[in-house]
Each structure stands twice: as C-alpha cells, then as structure tokens.
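**Q** One structure is given below, represented as structure tokens, and several questions about it will come after.
Just so it is clear, none of the values below were taken in a lab; they were calculated from the coordinates. What you are looking at is a predicted structure, and each value in this text was computed from that prediction instead of being measured. Because the Cβ atoms are built from the backbone with ideal geometry, glycine has one as well, and the counts that use them run over all protein chains shown.
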Amino acid sequence: MKLDGIHHVTCITGDAPQNVDFYTGVLGLRLVKKSVNQDDPTVYHLFYADEQGSPGSDITFFEYPGAEPGRAGAGMIHAVVWRVGSPEALDFWEARLARAGAAPERDGETLHFRDPEGLAHELRVERVPDEPLVADHPEIPRDLALQGFAGVRAYARDPERSRAFLERGLGFSPVGEGEWAARGPSRGGFYVYDPAPAEVGIPGAGTVHHVAWASTMEEHEAWRERVAEAGGRPTPVIDRFWFRSIYFREPSGVLFEIATLGPGFATDEDPEHLGEKLILPPAFEHLREKVEPLLRPLRNPRESWTQTPR
C-alpha cells in the first residue's frame, strides 16, 4: 500500500471573511465547501481547492472568531508548500503577492510568503508527473496558477525518532536528511523536518492543525491496522461524509490524518456551485437552526467576477 501524497492541510483562522478574500481573491483557489467543524459545529470549516475540489489541493480552515495569533513550534507544521509549473509562474506570483502586501521573498525556484495571519507558505517549481490541480480565476492564467501541494514542513527536535514510523509504518521513502516522500499511484508529497525553535508552539490563528495523507477507500481500514501495529494509536474510522478519516500523532508530535479519496465534495452539491451555500452533513442538518445564526455571513467570492476565467 502507498499513500497518494497529501489529501488536505487543515489550519486555524480567526477571521473567516479575511481568509476567504486571501485564499480565493489572492491565491486564486476555489471555495469548494462551506461547512462547520464536525467536532465543534458552532464554528466554520472552510475548504479551498482546485476547480473540482480534488484531494491534493485542499487547504481547509477552522474559524475561531477573534482567535489570538499562534506560533509554530516543535511537533507542529510550520509551512505549506505548493507546486507551480515554471520560473515564470514564480515571477507572476512574486508580483501579485507584493501587490497584495504579502511581502514575498524569492530564493531560487522557491517563493516564501505569509497569509494575513502569519501562516507560512512556499511556492516551489516542481517538475513531476502529477496532474496539475488548478482553480479558475479571472486574473490568474491557468499555466501560472497553483497546481496543488508539493509538501509540508514541520518542526522537530529529533527527527530520527520518527524515521521507523514514517518508513515502516507509513511507507514513506527517505529522500534527504530529515526529508521523506509519500508517493502513490497518482500523486506524491514530501514531509520535511526543520530544527525546532526554542519557543514552545502555541496553537492559534495562522497555525496548521493537521496534515492529511490520501488513501483509497478500499485500503483505509488496512491503513488503520498498519498505523496501530506501528504504535501510532489511531482513532476509529470517522465518517466525515465527504471522506473518511483516522487521526494519530507521529512520534515527533505532528497530528496526522489518513483520509479517503472520496466520496468527494460533489456528493451533496452541484459541481458548478460548490461552496456557495452553508452545507451540513446529514448527521448535522438538525443543528442548522442553532448553528447558522452563530456564523458570520460570507460572500460568494465568485459573484463579483466580471471576466471569463482563462
């Protein structure tokens, strides 16, 4: 069995309207599902991805209104890395992000920047066979757009303590010092450890909650058994309606999820209108009258489009 790269990355925001503006308006992703945190249905869970809502491009946010800024530390992911297709794409993004006030910094074929709450991102030119996962946006040519995840970077004090679990438990392949790759039939993603800062990490706005790796539906239970055999202490399989999940911490402390490649976000919405309305999974629909008044209204980011996407 091989995990099919990164399924999604889930983060925390304290300001959903600002979050929507940045991830759809600046980064050009599509808001593909507007729902609630299934572990705390009083708050939003927002999902951004490519045009189809594909695993491998899906960055998600729990909104805790007014949440204090967090700080990544040991046992936390500190940067989300995206693929782009060419140095010309980096030129485009360097200019676009500068206009948006994101203060990008160029380092060869990598561009570093932060979102408005301080979450670190990198854009990296990668020449891989993976299908580009691209969202339409009237200001962003498709050949310059983000193409899905390249990987994530985490902080660890002793990366070696995770080696056996990553390689034998999860089937990751070592590709360098403190770096591994998970590559399945259609996609791959890397996992890198950087030296942890002295300061203790603080969860909050602008931090990553967890990273999810992709599994087929047929292999999901087998992955749970394999994680348990490796000492990962996985949760039972949890049905999130759009996918199924198990959660566990790897030995360096980072929260991992293994999520299935389906059923997908079009299960309960017209693919042409993903993310336009608040959608609750069937098990949560009875809470709508209670939770909807607690959530700040969010605009449909595509209502203002005046151009045809390229």
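**Q** Indicate, rounded to the nearest 5 percent, the antiparallel portion of the DSSP beta bridges found entirely in the range 200-264. Mind showing how you got there, number by number?
**A** Values: 7 of 12 bridges.
So the antiparallel bridges in the range 200-264 amount to around 60 percent.
**Q** So how compact is the range 6-294: Cα radius of gyration and Dmax in angstrom?
**A** 18.1, 52
**Q** Another question, then. Sort S252, S215, S86 by Cβ crowding within 10 Å, fewest neighbours at the top.
**A** Details: S252 22, S215 28, S86 13.
With the sparsest Cβ surroundings first, the list reads S86, S252, S215.
**Q** So for the chain, taking the charge dipole from beta-carbon charges (+1 Lys/Arg, -1 Asp/Glu), which of P297, P251, L280 sits furthest toward the positive end?
**A** P251
**Q** If we count other beta carbons within 10 Å of each Cβ, what is the order of R296, R153, R96, fewest first?
**A** Values: R296 10, R153 20, R96 17.
Starting with the residue having the fewest Cβ neighbours, the order is R296, R96, R153.
**Q** Give me S162, S186, S304 sorted ascending by neighbouring Cβ count inside 10 Å, so fewest comes first.
**A** Details: S162 23, S186 14, S304 9.
Sorted ascending by nearby Cβ count, the order is S304, S186, S162.
**Q** Then there's this: To the nearest 500 deg cm²/dmol, what mean residue ellipticity at 222 nm is calculated for the chain from DSSP H runs of n ≥ 4 alone, each contributing -39,500 (n - 2.57), summed and divided by the residues? Kindly include the intermediate steps, with their values, before the conclusion.
**A** Values: 5 runs with 37 residues, N = 310.
Per the formula, -3000 deg cm²/dmol.
**Q** Right, another one. Listed highest first by mean packing, meaning other Cβ atoms within 10 Å per residue, what order do 227-234, 241-248, 286-293 come in? Walk me through the numbers before you get to the answer.
**A** Working: 227-234: 16.0, 241-248: 21.0, 286-293: 11.0.
Ranking the peptides 227-234, 241-248, 286-293 by packing returns 241-248, 227-234, 286-293.
**Q** How large is the dipole of the chain about the Cα centre if only Lys and Arg carry +1 and Asp and Glu carry -1, each at its Cβ, rounded to the nearest 20 debye? All intermediate terms of the calculation are to be shown ahead of the outcome.
**A** Numbers: 33 positive and 49 negative charges, 63 e Å.
Charge dipole of the chain: 300 debye, to the nearest 20.
**Q** Return the percentage of antiparallel bridges among DSSP beta bridges fully within the chain, rounded to the nearest 5 %. Mind dumping the intermediate values first?
**A** Details: 45 of 70 bridges.
Here the antiparallel bridges make up roughly 65 percent for the chain.
**Q** Suppose every Lys and Arg Cβ carries +1 and every Asp and Glu Cβ carries -1, with no other charges. What dipole size does the range 140-259 come out with about its Cα centre, to the nearest 20 debye? Can you show the working numbers first?
**A** Details: 14 positive and 16 negative charges, 29 e Å.
Here the size comes out at about 140 debye.
**Q** Something else: Please report the antiparallel percentage of the DSSP beta bridges confined to the range 62-146, to the nearest 5. Present the calculation step by step, with values, prior to reporting the outcome.
**A** Values: 8 of 14 bridges.
Antiparallel: roughly 55 percent of the beta bridges in the range 62-146.
**Q** Choose one answer from L46, L261, L294: the residue with the largest mean-square fluctuation in a GNM of the chain with alpha-carbon springs under 10 Å.
**A** Checking each option, the largest mean-square fluctuation is seen for L294.
**Q** Something else about it: By a straight-distance test (C-alpha under 22 Å), which lysines pair with K33 as possible cross-link partners, with residues fewer than eight away in the same chain excluded?
**A** Result set, ordered by chain and number: K277, K290.
**Q** At 0.36 nm per residue, minus the direct Cα-Cα distance, what do D39 and E218 gain on full extension? Give it in nm, one decimal, please. Don't skip to the answer; put the middle values down first.
**A** Details: separation 179, 0.36 × 179 = 64.44 nm, distance 2.50 nm.
Extra length available between D39 and E218 comes to 61.9 nm.
**Q** Binning every alpha carbon pair distance of the range 87-192 at 5 Å from zero, what are the percents per bin?
**A** Here the calculated profile for the range 87-192 is 2, 10, 18, 20, 18, 15, 9, 5, 2, 0.
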